[in-house]
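Undergrad: Please read through the structure below; I'll follow up with questions.
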Amino acid sequence: MKADYSFRTHVEIKKQDLTINHRQTILLLGSCFTDNIGEKMLNGGFNCYVNPIGTLYNPLSIAKAFTLELPDEIDNYCSWLHSRVNNPIEEFSKLQSVIKDEADLFIITFGTAFVYRLKSTGEVVANCKKYDASLFCRERISQDEIADVWIDIITKQIQCKKGKDIRFIFTVSPIRHLKDGLHENQLSKSTLLLAIDKICKAFPQNCTYFPSYEIVIDELRDYRFYADDMMHPSQLAIDYIWDRFNLAYMDKETSDYISKFEKLNKTLSHRPSNPNDQEYITLINETNKKIQELRHAIQH
């Protein structure tokens with residue numbers, strides 16, 4: 001018998017019934033891994049919103065983005081956000097509009113099952129970097145607590161958008177939270193995986209799971225696929241995950257459009273020594289025109 005010297009465990013990902021295309025409006029929320037994939041989608045020409053109120057790590061804080069409505073709730077929530085939110089009310093108003101009226105695909109990335117609760121109220125905060133640690137208590141939430149909150153959110157999304165095909169793609173961030181300790185990190189990721197499994201089983205027609213965590217941990221499983229901090233995936237790993245994501249959810253037509261947008265955006269990202277050069281300005285204008293023509297062709 002010939003030995004297998006491939007030295008690699010391949011994570012099997014079946015072609016999904018859900019297909020992603022450029023006519024959808026997509027909202028991505030979650031950990032900084034969301035920013036990685038979101039950047040790829042924006043560069044590929046998709047109509048998407050990526051963490052519009054900042055990076056969120058735990059499932060309960062991500063869920064709050066779907067439920068906060070009153071201005072005082074928003075201000076209080078954003079006071080705990082160490083992010084790029086400059087005008088909380090305006091940003092949340094825009095986000096709620098996307099959630100309620102525009103988005104038909106939600107890509108949600110859970111980062112950790114550990115949360116920080118404000119001792120005075122018991123409220124789970126999104127991020128507490130600017131405040132004294134003594135104000136908070138840390139705990140690992142349960143899979144049932146996560147699943148119950150998200151099952152309620154998905155139920156309401158389906159009910160309020162009758163006739164619209166609402167889909168959720170859940171994934172677990174491959175970023176390792178080493179400050180939790182390796183064992184605690186594994187317990188946290190396991191909790192997230194079990195919760196997502198329960199959510200997807202509750203809505204088999206609306207929810208699917210993409211194994212980004214397993215791809216890094218079980219398939220790539222080498223420190224060359226991590227950044228220098230040994231926690232975040234390297235650019236090579238992100239590119240690989242994006243390719244697997246593309247194969248799982250996109251057809252050839254969509255992939256072809258992605259390639260066209262990527263080529264055009266590469267031209268736009270070029271920084272010449274003299275940005276006022278007339279040839280460069282003409283090139284940028286022509287490239288932007290081609291992008292608009294491509295978007296028009298997709299919509300029609």
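The values are calculated or read from the model by the stated rules, or taken from the named source; none is laboratory data. Because the structure is predicted, anything quoted here is derived from the model rather than measured. Don't worry about glycine lacking a Cβ; one is built from the backbone with ideal geometry, like all the others, and counts go over all protein chains shown.
Undergrad: Out of the residues in segment 94-123 that are in contact (Cβ under 8 Å) with a residue 40 or more places away in the chain and of a type in the set (Ser, Thr, Tyr), which is surrounded by the fewest Cβ atoms within 10 Å (Cβ to Cβ)?
TA: Looking at the filtered set, the residue picked out is THR112.
Undergrad: Here's a follow-up. Could you list, in sequence order, the residues of segment 254-300 that are β-branched (Val, Ile, Thr), loosely packed, with under 11 Cβ neighbours inside 10 Å and either touching a residue at least 60 places away in the same chain (Cβ under 8 Å) or touching a helix residue (DSSP H, G or I) at 6+ places or on another chain (Cβ under 6 Å) (or both)?
TA: Within segment 254-300, the first condition is being β-branched (Val, Ile, Thr), and the residues that meet it are 254, 258, 267, 281-282, 284, 287, 291, 298.
Then drop every residue that is not loosely packed, with under 11 Cβ neighbours inside 10 Å, which leaves 282.
Of everything in segment 254-300, nothing turns out to be β-branched (Val, Ile, Thr), loosely packed, with under 11 Cβ neighbours inside 10 Å and either touching a residue at least 60 places away in the same chain (Cβ under 8 Å) or touching a helix residue (DSSP H, G or I) at 6+ places or on another chain (Cβ under 6 Å) (or both).
Undergrad: Another question, then. Select from segment 23-39 the residues that are surrounded by fewer than 22 Cβ atoms within 10 Å (Cβ to Cβ), more than 12 Å from ALA103 (Cα to Cα) and touching a residue at least 24 places away in the same chain (Cβ under 8 Å) and list them in ascending order.
TA: Residue satisfying the conditions is CYS32 alone.
Undergrad: Looking at TYR49, is it assigned to a strand (DSSP E or B), modelled with pLDDT under 95 and closer than 25 Å to ALA195 by Cβ? Before you say what the answer is, go through the steps one by one.
TA: Working: assigned to a strand (DSSP E or B): yes; modelled with pLDDT under 95: yes; closer than 25 Å to ALA195 by Cβ: yes.
Answer is yes for this residue.
Undergrad: Which residue pairs have Cβ atoms closer than 7 Å, lie 6 or more positions apart in sequence or on different chains, and pair a first residue in segment 238-253 that is touching a residue at least 24 places away in the same chain (Cβ under 8 Å) and farther than 23 Å from GLN299 by Cβ with a second residue that is among the basic types (Lys, Arg) and part of a helix (DSSP H, G or I)?
TA: Pairs that qualify, where the first residue is touching a residue at least 24 places away in the same chain (Cβ under 8 Å) and farther than 23 Å from GLN299 by Cβ and the partner is among the basic types (Lys, Arg) and part of a helix (DSSP H, G or I), are TRP242/LYS40.
Undergrad: Could you list, ordered by first residue, the pairs with Cβ atoms under 9 Å in which the first is in segment 204-215 and over 14 Å from ILE175 (Cβ atoms) and the second is surrounded by 19 or more Cβ atoms within 10 Å (Cβ to Cβ) and basic (Lys, Arg), at least 6 apart or interchain?
TA: Partner pairs satisfying both residue conditions: GLN205/ARG167; ASN206/ARG167; CYS207/ARG167; THR208/ARG167.
Undergrad: SER269 - would you say it is at pLDDT below 95, more than 24 Å from LEU56 (Cα to Cα) and small (Gly, Ala, Ser)? Walk me through how you get there before you give the answer.
TA: Details: at pLDDT below 95: yes; more than 24 Å from LEU56 (Cα to Cα): yes; small (Gly, Ala, Ser): yes.
Judged against the criteria, SER269 is a match.
Undergrad: Something else: Please find, within segment 114-161, the residue that is nearest to ASN51 (Cα to Cα) out of those that are of a type in the set (A, V, I, L, M, F, W, C) and in a strand (DSSP E or B). Spell out how you get there, then give the answer.
TA: Going through segment 114-161, the residues of a type in the set (A, V, I, L, M, F, W, C) turn out to be 114-115, 118, 124-126, 128, 133, 135-137, 141, 146-147, 149-151, 153-154, 158, 160.
Pick out the ones that are also in a strand (DSSP E or B) and you get 114-115, 118, 124-125, 136-137.
Working: PHE114: 20, VAL115: 19, LEU118: 23, VAL124: 19, VAL125: 16, PHE136: 25, CYS137: 26 Å.
The residue in question is VAL125.
Undergrad: Could you tell me whether segment 224-247 includes any residue that is surrounded by 12 or more Cβ atoms within 10 Å (Cβ to Cβ), of a type in the set (D, E, K, R), under 30 Å from ASP148 (Cα atoms) and more than 19 Å from the chain's Cα centre (by Cα)?
TA: The answer is no, given that none of the residues of segment 224-247 is surrounded by 12 or more Cβ atoms within 10 Å (Cβ to Cβ), of a type in the set (D, E, K, R), under 30 Å from ASP148 (Cα atoms) and more than 19 Å from the chain's Cα centre (by Cα).
Undergrad: If you don't mind, there's one more thing I want to ask. Of the numbered conditions (1) more than 26 Å from ASN36 (Cβ to Cβ); (2) free of Cβ contacts under 8 Å to residues at least 60 places away in the same chain, LYS179 satisfies every one except a single condition; which is it?
TA: (1)
Undergrad: Hey, does segment 173-180 have a residue that's within 18 Å of THR9 (Cβ to Cβ), touching a helix residue (DSSP H, G or I) at 6+ places or on another chain (Cβ under 9 Å) and surrounded by 19 or more Cβ atoms within 10 Å (Cβ to Cβ)?
TA: Yes; the residues of segment 173-180 include at least one that is within 18 Å of THR9 (Cβ to Cβ), touching a helix residue (DSSP H, G or I) at 6+ places or on another chain (Cβ under 9 Å) and surrounded by 19 or more Cβ atoms within 10 Å (Cβ to Cβ).
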